[in-house]
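Data first, discussion second: the structure below is written as structure tokens.
The values are calculated or read from the model by the stated rules, or taken from the named source; none is laboratory data. Treat the numbers as computed from the prediction; the structure is a model and nothing was measured. Reconstructed Cβ throughout: ideal geometry from the backbone, glycine too, with neighbour counts over all protein chains shown. Ligands, DNA and RNA are stripped out before the accessible areas are found, and what is left, the full protein with its side chains, is counted by its heavy atoms. Shrake-Rupley method; radii C 1.70, N 1.55, O 1.52, S 1.80 Å.
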Amino acid sequence: MTGNSRKMTVPRFQQRKGEGPPLVMLTAYDVPTTLAAEAAGVDAILVGDSLGNVLLGHESTLPVTMDEMALHARSVGRARKSALLVVDMPWLSYHIDPRESVRNAAQLVRVSGADAVKVEGGRKRVDAIRAIVDAEIPVMGHLGLTPQSVLQMGGYKVQGRAAAEAERIREDAEAIVEAGVFSMVLEGVPPKLAKQITGDVSVPTIGIGASPACDGQVLVYHDLLGMLPGPSPKFVRRYDESFDRHVKAIKRWSDDVRERSFPATDETYE
Ligand code: KIV
């Protein structure tokens, strides 16, 4: 079997450390968002547990379940062609014991055909990371502002500003690389720390609210496209005002319905 020669694989993703342009990763949650990300040629798609915020209306990612991740991962997996597919493990699916972590990671890979799973946290999570990697499932790490730790952090706050905290995150980065991650997301950390970790570790770092020094960047689909009303976090650059455009289109259609100009003759059947 030769497969899709253009397909991004875990080894190809890793080889991009320090080579070529920065890696591009975008979240996607269903068939339309995956088709658009693929058509734009992103390197990797993340089925993020941010779906709890942007799709399900939760205030945090903590309520997101394995069933919800599996449902969205399955749909993304059907539309994904070339990009590396990474699925987030939801809170408590890899915190209890390594055997359960492996079973949950395998379920997400089975339903979606994903290339890898992503887990948040440093030294506390190395047993889970080792067990999942031992079961032949590649793992992407996630350090810094880890949204599943929102209760411990007391909110969504930049991590690693104080020297001791920065040192702890650097040690966490070394520990998860030693445990076998093939890449890691660095979220909400100062540029100096992102640059240091990117220089320290042998795997690609993917930044979000981190720094251009990272080996790649990731954004949430709905943030990038302005799909939700209200302000965005500082680290987001909006490339569209999609919410406003949708509202305008829906208003035009509503007006046409109310004026009986929709549907027109060529929009109805004989
Ligand atoms: O859930 C998510 O979308 C993420 C990215 C923000 C990295 O973890």
Of all residues in the range 5-19, which are part of a loop (DSSP other than H, G, I, E, B) and open to solvent by less than 70 Å² (accessible area, probe 1.4 Å)?
K7, M8, T9, R16, K17
Number of positions in the range 134-176 that are within 21 Å of the chain's Cα centre (by Cα), charged (D, E, K, R) and under 18 Å from V201 (Cα atoms)
1
Conditions first: (1) on the phi < 0 side of the Ramachandran plot; (2) touching a Ser or Thr at 6+ places or on another chain (Cβ under 8 Å); (3) among the small types (G, A, S). G121 passes all but one, so which condition is the exception?
(1)
Pair list, Cβ under 8 Å, 6 or more apart: the range 1-13 residue farther than 18 Å from G216 by Cα and at pLDDT 70 or above, other residue outside any loop (DSSP other than H, G, I, E, B) and open to solvent by 40 Å² or more (accessible area, probe 1.4 Å):
none
